[in-house]
Amino acid sequence: MNEHDKHARIIHLLVSQWQGSLTDGEREEIEAWKRSNRRNRALHDRITSREFLEEKLEQESRVDHVAGWLAIDARHAARRRARIIGRTSAAVVVALAVVAGITRVTVTGGDDAPVVAIIAPGEMKAELTLPGGSVIQLDRETSVTGLLASEPRVEESAGNYHVLSTPRGGEYTMTLPDGTTVFLNSESRLGFPGRFGGGERRVSFTGEAYFEVARDASSPFRVEVNGALVEVLGTSFNVRAYADEQEMQTTLVKGSVMLSVPGASERLVAGEQGTIDREGRLGKREVDVELYTGWKEGYFAFDRDRLEKVMHDLARWYKIEVVFEEPELKEISFTGIVRRYGDFNTVVRMLEMTGDTRFVIDRHVIRIRK
């Protein structure tokens, strides 16, 4: 039995134990696995505890894992459809494994063998840097709006901007002083004043965010991002401008915006995306906006994306390192829906179904091989 089959066998046994359906022979297999490695014993004790089960059941109530498996876009994946639907039973078993908190299990005998951490999704967290330099840690229970309301009012200037930043594996939602709501994705940074003035509402930004701009015809809302300017009166749009990516993208959901760089500008209407490449060239195209805004609703949506791009997005959210052992694997095309709040092994199972790949998880390093 190879290592992959051993992983699958232990997962099957642990799920059966969780369901109370182990035979005497299977029970002995579990005991032998526990005796072979102290880390196996520790992992077993953790995932069979009442506290861990309650935690996973709470996560399961928020995430439809099997739907995530089967939500493959039929327009671009018709040849995969029969294969995926034919494995619905397997999907159910893996969903049970997720509830039990099993990612992958090390079954080798030595105490020094690598052990797999449970890779949890990101969470609501950020930090707010005040104009004076003090830093406040934020979580789901902390309101930026309340903090700003308690601050003494000062005149807007470049020196008194607040900075809201999210780490890798973090996201945060806040309401600006004018009523505009901003949803920040992981590794993003928003600079804004304690109050707007001077006939405009101006913020600076890098990373990815979704803006729902409060309408005010007398005061345009302007976003400075990587030398470009996005200007609106009242609308909803997504901005993606990470320093390690080849282009900045502004995706318009409703309303209209003007995207400008020195010497050129483009007006966008709903369903269009403006782009700026590394040379500063403007572009515009029609897109399916859900592919670019799904993260705000709790899922990643991919449409014939390269596996390298898919894993790049997942790595930012799950705080993992990805290693492609063979470069050609980066070019595998993937179409589908990935839930943002599920355990990472569900994502792995889904991705493994789409191509001749195997994902080896060692703590927070993901190695992708044939």
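Assorted remarks:
- Residue within the stretch 268-283 that is among the hydroxyl-bearing types (Ser, Thr, Tyr) and assigned to a strand (DSSP E or B) present: yes
- Taking each residue of the stretch 12-37 that is in contact (Cβ under 8 Å) with a residue 40 or more places away in the chain and over 12 Å from Thr48 (Cβ atoms) and looking for partners that are of a type outside the set (D, E, K, R) and crowded, with 17+ Cβ neighbours inside 10 Å with beta-carbon atoms closer than 7 Å, six or more apart or interchain, yields Trp33/Ile10; Trp33/Asn40; Trp33/Val107; Asn37/Thr106.
- Of all residues in the stretch 171-209, those satisfying the criterion of being acidic (Asp, Glu) and farther than 20 Å from Ala241 by Cα are Asp178, Glu200.
- Residue under evaluation Val310, criteria (1) loosely packed, with under 14 Cβ neighbours inside 10 Å; (2) at pLDDT 90 or above, criterion not met: (1)
- Within the span defined as the stretch 317-330, one or more residues are over 30 Å from Glu231 (Cβ atoms), surrounded by 14 or more Cβ atoms within 10 Å (Cβ to Cβ) and among the hydroxyl-bearing types (Ser, Thr, Tyr).
- Pairs where the first residue, in the stretch 176-190, is among the β-branched types (Val, Ile, Thr) and the second is part of a loop (DSSP other than H, G, I, E, B), C-beta under 6 Å, 6+ apart: Thr180/Val213; Thr180/Ala214
- Which numbered condition Arg340 fails, given (1) exposed (fewer than 14 other Cβ atoms within 10 Å of the Cβ); (2) more than 24 Å from Val230 (Cα to Cα); (3) not hydroxyl-bearing (Ser, Thr, Tyr): (1)
- Check on Arg153, modelled with pLDDT of 90 or more and out of contact with any His (no Cβ under 9 Å at 6 or more places or on another chain): no
- For Val223, the conditions (1) modelled with pLDDT of 95 or more; (2) over 22 Å from the mean Cα position of the chain (by Cα); (3) assigned to a loop (DSSP other than H, G, I, E, B) are fulfilled apart from (3).
- Looking across Gly280, Gly255, Gly298, one residue alone is at pLDDT below 95 and touching a Ser or Thr at 6+ places or on another chain (Cβ under 9 Å). It is Gly255.
The values are calculated or read from the model by the stated rules, or taken from the named source; none is laboratory data. This structure is a prediction, so every number in the text was calculated from the model and none was measured. Every residue, glycine among them, receives a Cβ derived from its backbone with ideal geometry; neighbour counts consider all protein chains shown.
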